[in-house]
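K.L.:
First, the structure itself, so that you have it in front of you.
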Amino acid sequence: MLAVIAITGIIITLSFSILRLVQTHFHSLNRLYSVDGEINRFEVDLLSTMNSADRVFVNQDLNEIWFKNSLNESKLLLGDLIQIHDLDTFNLKINSINPYFLGEEVIYGELDALEIILSEPKGKTLFVAKRNTATSFMNVE
């Protein structure tokens, strides 16, 4: 009888230990997928916003990027949280942002490509580019 109780105790302890290991594994997987999902959602939203805009402007002093077309305009606010369209907010930590126009880096003015280097996870780089329209080369404001 005592042997049965001892074996039952060992089995119950072992099952709870295995359950804890499995839960820890699931929590770590969930955390990894949520960060990657946030980055993917941001990249897709940024790509669609850039390609729907006729012109894209950057002002690194104000940490803003403006997307303009004939119907509307929206902005990307860069700070602790990245915000697009005043509705979508992405909790990503940015290490640096490098805007380009015709292959040259710009600080203020129009851009056609954007390189964003994230602090987490481990310096991941996002590069988004758009095709220039004729309005990019005309003196139209």
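Coordinate-derived values only; no laboratory data. Just so it is clear, the structure is predicted and the values come from calculations on it, not from any experiment. Here the Cβ is made from the backbone with ideal geometry for all residues, glycine too, and neighbour counts use every protein chain on show.
K.L.:
Specify the angular offset, from 0 to 90 degrees and rounded to the nearest 10, of the alpha carbon long axis of helix 2-52 from the longest principal axis of the alpha carbons in the chain.
P.N.:
On a 0 to 90 degree scale, this one is about 10.
K.L.:
How large are Rg and Dmax for the chain when only the alpha carbon atoms are used, in Å?
P.N.:
Here Rg and the maximum Cα pair distance are 24.1, 93 Å.
K.L.:
Let me ask something else. Please report how far the C-alpha centroid of segment 90-137 lies from that of segment 1-58, rounded to the nearest whole angstrom.
P.N.:
Centre-to-centre (Cα) distance: 30 Å.
K.L.:
Moving on to the next point. Once you've got the GNM for the chain with C-alpha springs shorter than 10 Å, pick whichever of Lys130, Lys122, Lys75 has the biggest mean-square fluctuation.
P.N.:
Taking springs between Cα atoms under 10 Å, the residue moving most is Lys122.
K.L.:
May I ask which residue of Gln60, Tyr33, Met1 lies farthest towards the positive end of the charge dipole of segment 1-112, with charges of +1 (Lys, Arg) and -1 (Asp, Glu) on Cβ and the Cα centre as origin?
P.N.:
Met1
K.L.:
Determine, for each peptide in 38-48, 110-120, 15-25, the mean count of other beta carbons within 10 angstrom over its residues, then list the peptides with the highest first. Can you show the working numbers first?
P.N.:
Numbers: 38-48: 15.4, 110-120: 17.7, 15-25: 10.0.
Top to bottom by mean Cβ count within 10 Å: 110-120, 38-48, 15-25.
K.L.:
Name the long-range amide H neighbours of Val106: under 5 Å, sequence gap of 5 or more, or other chain; modelled H, no Pro or chain starts.
P.N.:
Hits under the 5 Å cutoff: Tyr100, Phe101.
K.L.:
So, one more: Excluding same-chain pairs closer than 8 in sequence, count the lysine pairs in the chain whose Cα atoms lie under 25 Å apart.
P.N.:
7
K.L.:
Related question: Using Cα pairs under 8 angstrom and six or more residues apart, how large is the relative contact order of the chain, in percent?
P.N.:
Normalised by residue count, the contact order of the chain is 18 percent.
K.L.:
Also, quick follow-up: Ignoring everything except DSSP H segments at least 4 long, calculate the 222 nm mean residue ellipticity for the chain; use -39,500 (n - 2.57) per segment, divide by total residues, nearest 500.
P.N.:
Taking each H run of at least 4 residues, the total per residue is -13500 deg cm²/dmol.
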